[in-house]
Amino acid sequence: MAAEREQVSVAQILKILGARGHGPIILTLAGLMMLPTGMLPFMPSIIGILISLTAFEMLVGGQGVSVPGRVGRIMISAPMLRAGLDRAAPIFDRLGRLMHPRAQFLVHNKLALTAIAIVLLMISGTMIIIGAIPGLPFILCVPVLLFGLGLTAGDGVVVALAIAACIGAGLGVAWLL
């Protein structure tokens, strides 16, 4: 789409992502939390709220990410979008060698997506509550990052790793508290 137009709207990008749109958003939010930006005051709470909104949309059966009309009409320069995609291409190529559609029942199953959404709601709630304690939001974002990767790539094995990481994160948080 970026090759054919001068500008692309946020709504058009989200439409292309479809049901996979939740994964990249979850992945992006977890990445922001794991970067130094996650140490900014109130950032864990803000990211926790955004993750919970995305998880809630998954829970109610959204087939993609919906945004208010005003946000959907925001236009992004196609050359800027292409440049960003070109920069990200080597990373996607490397990840593509490791991740591919496997164990689809953990990714494209209504029950599995509901369970993932509930776990994300619990993690984001915890992140909002204990976000001011240094290091704890980072621990909580490891499984969130894996859920985002698994949903984006359609890889149920990565989702299973995220479930295992939830157990580890829960034990880590309990130990630190």
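Filtered by the rule that a residue be modelled with pLDDT under 80, part of a loop (DSSP other than H, G, I, E, B) and of a type in the set (A, V, I, L, M), segment 36-67 gives Leu40, Val65, Val67. Could you tell me whether Ala160 is open to solvent by 20 Å² or more (accessible area, probe 1.4 Å), over 21 Å from Glu57 (Cβ atoms) and in contact (Cβ under 8 Å) with a residue 12 or more places away in the chain? When the stated conditions are applied, Ala160 passes them.
Mind listing whichever residues of segment 100-144 are open to solvent by less than 10 Å² (accessible area, probe 1.4 Å) and either farther than 20 Å from Leu50 by Cβ or without any contact (Cβ under 8 Å) to a residue 12 or more places away in the chain (or both)? Val107 - this is the single residue of segment 100-144 that is open to solvent by less than 10 Å² (accessible area, probe 1.4 Å) and either farther than 20 Å from Leu50 by Cβ or without any contact (Cβ under 8 Å) to a residue 12 or more places away in the chain (or both).
Of Leu161, Leu146, all but one fail to be aliphatic (A, V, I, L, M), closer than 18 Å to Leu98 by Cα and under 12 Å from the mean Cα position of the chain (by Cα); the exception is Leu146.
Within segment 39-58, residues that are within 14 Å of Pro24 (Cα to Cα) sit with their Cβ atoms under 7 Å from residues that are at pLDDT 85 or above and open to solvent by 20 Å² or more (accessible area, probe 1.4 Å), at 6+ positions apart or across chains, in these pairs: Ala55/Leu121; Met58/Leu113.
The values are calculated or read from the model by the stated rules, or taken from the named source; none is laboratory data. Computed from a predicted structure; not experimentally measured. Cβ atoms come from the backbone with ideal geometry, glycine included; neighbour counts cover every protein chain shown. Accessible surface is based on the protein model in full, side chains and every heavy atom, while ligands, DNA and RNA are left aside. Shrake-Rupley method; radii C 1.70, N 1.55, O 1.52, S 1.80 Å.
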